[in-house]
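The values are calculated or read from the model by the stated rules, or taken from the named source; none is laboratory data. Quick caveat, the model's predicted, so the values are computed rather than measured. Neighbour counts are summed over all protein chains in view; Cβ atoms, including those assigned to glycine, are modelled from backbone coordinates with ideal geometry.
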Amino acid sequence: MRAKAGIDLLYEKSSAFMQSELRIVLLSPAQATPDRLKRRKRDGATGIVLNLAKGEKEAARGATGRVKRAGLDLYYWIEVARCPELADAHPEWMASLQGHPEWRRRFPGTPEPAVGEVVKNYPWVPIRYREAFDAHLRRVEGLVQELPPAKGIFLNDLQAAPSACGCGNPLCRWVPDYGPIRTAAMLPPDAAARFVAAVQKLFPGSEIIPVWTTECEEHDMAKGAACHGVPCFTGVCWYAYTEQLMPVARASRILAALLPYRAFGRDDPRYGPPAGWVRHALATFAQMPPRRKGEAIPAERIVAVLQGWDVTSKERQAQIQRAREAGARGYVLAEMEIQQGWEPRIVKVQPTPAADATQEHPAHGK
Ligand SMILES: [Zn+2]
Ligand SMILES: [Zn+2]
């Protein structure tokens, strides 16, 4: 038994594999105290990824100094699509909850939108809209500029919003608007890759690491399950997912996978050992794209983002173990909660003149 080290990153100095494994801890600037950094370093962390948020520039600057003094690699984490700031300022840039009505079981009592209204998905503002793409790019630039250069910058949520088609599954994120009402201009499927490239141009000294979330699963289609009877898995979800991921995978050496197994409701014995979903989800990067007109992405290119909040030390260790079994490049253990919540908002809209989403996507279950 190890002594109470706060968190056990299972460091094994003897293994050659371990020498190259990325063992990174995600913290808010306030969480990055000298004491905690010292303990994480002792536990085997190779780096700290600091969350950058509006209004916390000075706190972040202070934390960067502490990370460097602790002898740890410095990374930044930026939440992109889930953005209350832009959602409040530009409700028309939010993703919507149209198409399938199954999401309503999670939010009973949401009124039907009247003429001139649409149900938007608060506070999700995906970069897939041209207007939001530019605004997010400026936001990312503002968050990072004037801070010391980081080894890498993680960009989270470059896909669309949860419950994309309206099924209610937080992992169905393949499209910002299932239609028919669109209130911003949609970019082509390579928007995420272009966003990563644009951020890379702004900060050429840092490796830009896109953080990707996996899609729905076959068992989600059952009534009462996450897609609640909508045939998402056999439909368009993974085709659209793969179409967006392939340009990202071609442009970025390393990707990260957002895998908070409990927050995503994947703490389930069907995946085998504790936190078995982590291993399962990492394997989909190699398995699913070839089945959906794409190419396999080996796990050695993927950093697993694991749930370090609201879990026990044993559960943290199980997740790390599963990531290793999958052959991941390493992991980010998130001690700061990565917010993924979503909720319907009725918004008055003026559809863009070009709005015509009806023929864009093949029907589910084709
Ligand atoms: Zn799906
Ligand atoms: Zn679904």
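Give the residue that is nearest to Ala281 (Cα to Cα), with candidates limited to residues of the range 195-222 that are more than 16 Å from ligand 1 (Cβ to nearest atom) and without any contact (Cβ under 8 Å) to a residue 24 or more places away in the chain.
Taking the range 195-222 first, the residues more than 16 Å from ligand 1 (Cβ to nearest atom) are 195-211.
Adding the requirement that they be without any contact (Cβ under 8 Å) to a residue 24 or more places away in the chain leaves 200-201, 204.
Details: Gln200: 27, Lys201: 30, Pro204: 30 Å.
Across the range 195-222, the extreme among qualifying residues is Gln200.
Leu74 is checked against (1) of a type in the set (A, V, I, L, M); (2) modelled with pLDDT under 95; (3) touching a helix residue (DSSP H, G or I) at 6+ places or on another chain (Cβ under 9 Å) and fails just one. What number does that condition carry?
For Leu74, the failing item is (2).
Of the residues Ala263, Ala225, only one is surrounded by fewer than 23 Cβ atoms within 10 Å (Cβ to Cβ) and without any contact (Cβ under 8 Å) to a residue 40 or more places away in the chain; which?
The match here is Ala225.
Please indicate, with yes or no, whether at least one residue in the range 334-349 is modelled with pLDDT under 95 and part of a loop (DSSP other than H, G, I, E, B).
yes
Looking only at the range 195-222, count how many residues are within 16 Å of ligand 2 (Cβ to nearest atom) and buried (at least 17 other Cβ atoms within 10 Å of the Cβ).
Residues meeting the conditions: 7.
Might you let me know whether the range 142-153 holds any residue that is at pLDDT 95 or above, away from ligand 2 (no atom under 13 Å from the Cβ) and within 14 Å of Ala81 (Cβ to Cβ)?
no
Which condition breaks for Leu147 when tested against (1) within 11 Å of ligand 1 (Cβ to nearest atom); (2) touching a residue at least 24 places away in the same chain (Cβ under 8 Å)?
In the conditions (1) within 11 Å of ligand 1 (Cβ to nearest atom); (2) touching a residue at least 24 places away in the same chain (Cβ under 8 Å), Leu147 misses (1) alone.
What tally of residues in the range 160-188 results from selecting those that are within 13 Å of Tyr129 (Cβ to Cβ) and not charged (D, E, K, R)? Working first, answer last.
Quick first cut of the range 160-188, residues within 13 Å of Tyr129 (Cβ to Cβ) only: 160-161, 175-177, 182-188.
Next cut, not charged (D, E, K, R) only: 160-161, 175-176, 183-188.
Counting residues in the range 160-188 that are within 13 Å of Tyr129 (Cβ to Cβ) and not charged (D, E, K, R) gives 10.
Considering only residues that are closer than 16 Å to Ile302 by Cα and assigned to a loop (DSSP other than H, G, I, E, B), which ones fall in the range 235-275? Write out each step before concluding.
Within the range 235-275, the first condition is being closer than 16 Å to Ile302 by Cα, and the residues that meet it are 242, 245-260.
Passing the criteria: Ser252, Arg253, Ile254, Leu259, Pro260.
In the range 276-295, what residues are free of Cβ contacts under 8 Å to residues at least 24 places away in the same chain and surrounded by fewer than 21 Cβ atoms within 10 Å (Cβ to Cβ)?
Passing the criteria: Ala286, Gln287, Pro290.
Among the candidates Pro204, Pro260, single out the residue that is closer than 30 Å to Gly142 by Cα and within 21 Å of the chain's Cα centre (by Cα). Show your work before the answer.
Values: Pro204 fails: within 21 Å of the chain's Cα centre (by Cα).
Result: Pro260 is the single residue among Pro204, Pro260 that is closer than 30 Å to Gly142 by Cα and within 21 Å of the chain's Cα centre (by Cα).
What's the number of the only condition in (1) at pLDDT below 95; (2) touching a His at 6+ places or on another chain (Cβ under 8 Å); (3) not basic (Lys, Arg) that Tyr271 fails to meet?
(1)
Condition first: more than 21 Å from Lys57 (Cα to Cα), surrounded by fewer than 19 Cβ atoms within 10 Å (Cβ to Cβ) and within 16 Å of ligand 1 (Cβ to nearest atom). Can you find one or more residues in the range 106-115 that meet it?
yes
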